[in-house]
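The values are calculated or read from the model by the stated rules, or taken from the named source; none is laboratory data. Bear in mind the structure is a predicted one, so any value in this text is a computation, not a measurement. Glycine gets a Cβ as well: all are built from the backbone with ideal geometry, and neighbour counts include every protein chain shown.
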């Protein structure tokens, strides 16, 4: 089998590029004394997570219990779930995970503390960090008082270990929050050994942005069109491309490829839907401008005389690579242009 | 187990609503002499496809070979792939399918005809319809000449049976195209027994739009927020809701639920992203206005004093239900409020 004979659409991961990306981020973390804790949401592959740890990462980050379970099954033994777990069902699963891996979770509410405490009743200590908001307006407390109150609640719970603070993404507001929160915690005698920030686009500026000591990044392993647009990667740094086939040429200025939102996801660029849904490496002037579930419509009006024909295979860099991993049961891998095999996306679809 | 104890996020299908939707569309098709050929892309469940056939559907429609394979595994034996299949790998799989089900495919290029002909060389007749464009600007020939040329090419191929014409969606342009194409085909002695149109939002106006005799519809079985916005369904007709849990209340006007694009997909309403990503049944004034992969941010500013609390469960009608089916390994089913069980989404992720 070679890559050109694989049935399409198929996501293809260039392992050489992925390894270069991993090594670069690890070198940055090492140079600045940051504990690298890669987020597996991008690749969802235990094999790549193990590789990240082998290169120096201090454990991994997951967003959902189901991802953490898949990673523990794959031998990962130090897992941070950077997401609020709420309720009895989550507590039981967290307890089961804690019996086979070092677990840390994020909280931003008393109910989150209660869930972690319930898990810890099964006998394993659960590490807890308090999430604060650095302007992303997602989860995370918005004020220092709330963070200190939650830290106090964690410290008061037997079985929980207060590990520190986390945020996403790392911004100047992170520094401002920490400058206010750390003296307040110290005044209460509460240590915060872990100060965890994240986000791939701004990762290499972490040391000049805020005094965090842990770096959570996911997208950097593959990169994507959004990373390129943010100036954080070049097209040559994009490790995952979707290989597609032109299946229709109904008009001179239109080609249709065999992949739509079911393969690319529907994520649009920060600049808007008019920026299209991917970068076509063979025809950079073409615009993949409309997707339905299984159709990808390309506007060829800016192309020259050479235009894609029915049956032609193309490689597309997706806008946002993380949901692409989530949409495919397996990825093909390639090294130096040679097909290596298929790898099951073990943590795909782990919404629970 | 009852529905309220299921771990979230979980898609829940109300079987009573789905059956009412199926019966209504079958009655419409029967009343207007249309052969109903439901598109399984919405539910991706062989069990519901069998139910559609039992109610009177003349076979089913799939978009991909992988979906057709899953449906053939589930006992469906008359399958139309309304999508251009191109190349050797697809031809071999089509031939294997034709050995166990009556198969029809759509073509809009000579390469499509060649792929079907190659499949037919294995000994089973393949039905072929020519796809034309009714203004959707996706696949499908844009002119009558091209359609007639392709029909001629199909007729000339041993092993292929020219079945007629198809389009998506059915529009006034469909009628105009057919008015020109059918006499041209007749003049060449080519019969076109199947005239296939589709699209759920406008399905119940098919008889007054164009003289098609086959109706391909998918979304009608579940309905969704887009169908409601189009006036083609009421909220009470929406059979699939995503059940989620509030996991964070960082500000008085913001709640965060445990489902983002990985559970809802990122499809935006025709009116734009500002219309949000779903209708929250318990808090219709709330706006599910931002999604990241695992976070759903709700703007509560229009809500009254009663607001969702951390741990509260909510039911959300998604914008577009088809990709929701594709994102979940299984759905929970309910009838008259009682949990029935889980059903594997057998044709999920069938991108090939």
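Taking the criterion of being under 21 Å from the mean Cα position of the chain (by Cα) and either part of a strand (DSSP E or B) or closer than 18 Å to residue A:195 by Cβ (or both), would at least one residue in the stretch A:63-78 satisfy it? Yes. Evaluated against (1) buried (at least 20 other Cβ atoms within 10 Å of the Cβ); (2) not in a strand (DSSP E or B), residue A:53 falls short on exactly one condition, (1).
Only one entry of A:125, A:170 meets the criterion of being touching a strand residue (DSSP E or B) at 6+ places or on another chain (Cβ under 7 Å) and either within 21 Å of residue A:213 (Cα to Cα) or touching a residue at least 60 places away in the same chain (Cβ under 8 Å) (or both), and that entry is A:170.
Of the residues in the stretch A:323-333, at least one is in a loop (DSSP other than H, G, I, E, B), within 23 Å of residue A:62 (Cα to Cα) and either at pLDDT 95 or above or away from chain B (no Cβ under 14 Å) (or both). Scanning the stretch A:174-203 for residues that are crowded, with 17+ Cβ neighbours inside 10 Å, in contact (Cβ under 8 Å) with a residue 40 or more places away in the chain and more than 14 Å from residue A:82 (Cα to Cα), we see that the one that is farthest from the chain's Cα centre (by Cα) is A:181.
When the stretch B:80-94 is filtered for residues that are outside any loop (DSSP other than H, G, I, E, B), in contact (Cβ under 8 Å) with a residue 24 or more places away in the chain and over 14 Å from the mean Cα position of the chain (by Cα), the ones remaining, listed by number, are B:84, B:88, B:90, B:91, B:92, B:93, B:94. Residue check: is residue B:149 surrounded by fewer than 24 Cβ atoms within 10 Å (Cβ to Cβ), over 20 Å from the mean Cα position of the chain (by Cα), closer than 19 Å to residue B:193 by Cβ and modelled with pLDDT of 95 or more? No: the conditions fail for residue B:149. Total residues in the stretch B:239-259 satisfying the condition of being within 13 Å of chain A (Cβ to nearest Cβ) and either closer than 13 Å to residue B:318 by Cα or not in a strand (DSSP E or B) (or both): the figure is 7.
Applying the set (1) outside any strand (DSSP E or B); (2) surrounded by fewer than 24 Cβ atoms within 10 Å (Cβ to Cβ); (3) touching a residue at least 24 places away in the same chain (Cβ under 8 Å); (4) within 14 Å of chain A (Cβ to nearest Cβ) to residue B:236 leaves exactly one unmet item: (4). When the residues of the stretch A:334-352 are filtered to those that are more than 16 Å from the chain's Cα centre (by Cα) and buried (at least 17 other Cβ atoms within 10 Å of the Cβ), the one that is farthest from the other protein chains (Cβ to nearest Cβ) is A:334.
When B:94, B:36 are checked against the criterion of being touching a strand residue (DSSP E or B) at 6+ places or on another chain (Cβ under 9 Å), more than 30 Å from residue B:228 (Cα to Cα) and crowded, with 23+ Cβ neighbours inside 10 Å, a single residue qualifies: B:94. Within the stretch A:98-113, is even one residue under 21 Å from residue A:222 (Cβ atoms), in contact with a helix residue (DSSP H, G or I) (Cβ under 9 Å, 6 or more places away or on another chain) and without any contact (Cβ under 8 Å) to a residue 40 or more places away in the chain? Scanning the stretch A:98-113, I find no residue that is under 21 Å from residue A:222 (Cβ atoms), in contact with a helix residue (DSSP H, G or I) (Cβ under 9 Å, 6 or more places away or on another chain) and without any contact (Cβ under 8 Å) to a residue 40 or more places away in the chain, so the answer is no. In summary, residue B:278 fulfils each of the numbered conditions (1) within 12 Å of another protein chain (Cβ to nearest Cβ); (2) touching a residue at least 40 places away in the same chain (Cβ under 8 Å) with the single exception of condition (1). Of the residues making up the stretch A:3-18, none is at pLDDT 95 or above and within 19 Å of residue A:166 (Cβ to Cβ). Among the residues making up the stretch B:217-233, those that are more than 25 Å from residue B:3 (Cα to Cα) and within 14 Å of chain A (Cβ to nearest Cβ) are B:218, B:226. For residue A:87, the conditions (1) surrounded by fewer than 17 Cβ atoms within 10 Å (Cβ to Cβ); (2) within 14 Å of chain B (Cβ to nearest Cβ) all hold with the exception of (1).
Do we find that residue A:92 is in contact with a helix residue (DSSP H, G or I) (Cβ under 8 Å, 6 or more places away or on another chain) and within 12 Å of chain B (Cβ to nearest Cβ) in this structure? So residue A:92 passes the test. If I filter the stretch A:304-321 for residues that are at the interface with another protein chain (Cβ under 10 Å from one of its Cβ atoms), within 23 Å of residue A:6 (Cβ to Cβ) and outside any loop (DSSP other than H, G, I, E, B), do I get at least one hit? Yes: one or more hits.
Tell me, yes or no, whether the stretch A:57-73 has at least one residue that is away from every other protein chain (no Cβ under 14 Å), closer than 24 Å to residue A:204 by Cα and free of Cβ contacts under 8 Å to residues at least 24 places away in the same chain. The answer is yes; a qualifying residue exists. Taken over the stretch A:157-205, the criterion of being part of a loop (DSSP other than H, G, I, E, B) and under 22 Å from residue A:135 (Cα atoms) is satisfied by A:168, A:169, A:170, A:171, A:192, A:199, A:200, A:201, A:202. Among the residues of the stretch B:23-33 satisfying the criterion of being out of contact with any strand residue (DSSP E or B) (no Cβ under 7 Å at 6 or more places or on another chain) and over 21 Å from residue B:193 (Cα atoms), which is farthest from the other protein chains (Cβ to nearest Cβ)? So, considering only residues that are out of contact with any strand residue (DSSP E or B) (no Cβ under 7 Å at 6 or more places or on another chain) and over 21 Å from residue B:193 (Cα atoms), the one farthest from the other protein chains (Cβ to nearest Cβ) is B:27. Annotation: of all residues in the stretch B:1-17 being assigned to a helix (DSSP H, G or I) and either more than 12 Å from residue B:223 (Cα to Cα) or touching a strand residue (DSSP E or B) at 6+ places or on another chain (Cβ under 8 Å) (or both), the one that is farthest from the other protein chains (Cβ to nearest Cβ) is B:16. One residue alone among B:48, B:15 is surrounded by fewer than 21 Cβ atoms within 10 Å (Cβ to Cβ) and either free of Cβ contacts under 8 Å to residues at least 60 places away in the same chain or under 14 Å from residue B:331 (Cα atoms) (or both), and that residue is B:15. Residues of the stretch B:103-143 being within 10 Å of chain A (Cβ to nearest Cβ) and assigned to a loop (DSSP other than H, G, I, E, B), which ones? Selection gives B:108, B:109, B:133, B:136, B:137, B:138, B:139, B:140, B:142, B:143.
In the stretch B:260-303, which residues are surrounded by 22 or more Cβ atoms within 10 Å (Cβ to Cβ) and in a strand (DSSP E or B)? Residues satisfying the conditions are B:278, B:279, B:280, B:288, B:291, B:296, B:297, B:298.
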